[in-house]
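Engineer: Take a look at this one; I'll ask things after.
The values are calculated or read from the model by the stated rules, or taken from the named source; none is laboratory data. In this text the structure is predicted, and so the values were computed from the model without any measurement. Note: ideal-geometry Cβ built from the backbone for every residue, glycine included; neighbour counts use all protein chains shown.
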Amino acid sequence: MRKRIACVCVIFALVACRSDKPEDQVRATFETCRAAVEAGDAAGATAPLDPAFQGPEGLDKASLRLFLMGTFRQEKVGVTVVRNEVAVRGNEAFQEVDLILTSRGGGLLPQDASHRSFRLRWRKTGKDWRLLEAQSLDGR
């Protein structure tokens, strides 16, 4: 019985991953980035970023990759998504996410960094969604 339930869950997950809805495509691309961060893969985490990416504190694609490489040398990072809302308007998508970040030992990172909220702006380029802008909603 458990095998059947697991099989049905896997089938539903695969069907959900194959969705053609733009909102689901953006969420899938975001999930790829999240998984790369947890794997300590700075190149994978920054691969979906647009060449014109602008992040918090003036980070561009290259500086974000360097920041992640330095962070991953010091510790493993866990990312739990608490909220993930996506709205698509034409070739642009707007996503708001709330994240909880954890450190190598599974404990919360310093209090000011444990819960973060971001507004992301994506642009569709060909068949792919590219992250164009990330704004912190925490005032950081």
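Engineer: If we keep just the residues of region 63-88 that are in contact (Cβ under 8 Å) with a residue 40 or more places away in the chain and within 16 Å of the chain's Cα centre (by Cα), which is farthest from Ala47 (Cα to Cα)?
Structural biologist: Ala87
Engineer: Looking at (1) on the phi < 0 side of the Ramachandran plot; (2) touching a Leu at 6+ places or on another chain (Cβ under 9 Å); (3) surrounded by fewer than 18 Cβ atoms within 10 Å (Cβ to Cβ); (4) not hydroxyl-bearing (Ser, Thr, Tyr), can you tell me which one Ala93 breaks?
Structural biologist: Going through the list (1) on the phi < 0 side of the Ramachandran plot; (2) touching a Leu at 6+ places or on another chain (Cβ under 9 Å); (3) surrounded by fewer than 18 Cβ atoms within 10 Å (Cβ to Cβ); (4) not hydroxyl-bearing (Ser, Thr, Tyr), Ala93 breaks only (3).
Engineer: Shifting gears a bit: From the list Val82, Val88, which one is touching a Pro at 6+ places or on another chain (Cβ under 8 Å) and either modelled with pLDDT of 95 or more or at negative phi (or both)?
Structural biologist: When all the criteria are applied, what remains is Val88.
Engineer: Within region 20-47, can you find the residues that are among the β-branched types (Val, Ile, Thr) and either without any contact (Cβ under 8 Å) to a residue 12 or more places away in the chain or crowded, with 16+ Cβ neighbours inside 10 Å (or both)?
Structural biologist: Val26, Thr29, Val37, Thr46, listed by residue number.
Engineer: Follow-up. Collect the residues in region 123-138 that are in contact with an Asp or Glu (Cβ under 9 Å, 6 or more places away or on another chain) and closer than 16 Å to Glu31 by Cβ, keeping them in residue-number order.
Structural biologist: Selection gives Arg130, Leu131.
Engineer: Another one. So Ser103 passes all but one of these: (1) touching a strand residue (DSSP E or B) at 6+ places or on another chain (Cβ under 7 Å); (2) of a type in the set (S, T, N, Q); (3) surrounded by fewer than 17 Cβ atoms within 10 Å (Cβ to Cβ). Which condition number does it fail?
Structural biologist: Of (1) touching a strand residue (DSSP E or B) at 6+ places or on another chain (Cβ under 7 Å); (2) of a type in the set (S, T, N, Q); (3) surrounded by fewer than 17 Cβ atoms within 10 Å (Cβ to Cβ), only one is false for Ser103: (1).
Engineer: Taking Leu68 as the residue in question, decide whether it is within 15 Å of Cys33 (Cα to Cα) and modelled with pLDDT under 95.
Structural biologist: Here the answer is yes, as Leu68 does meet what is asked.
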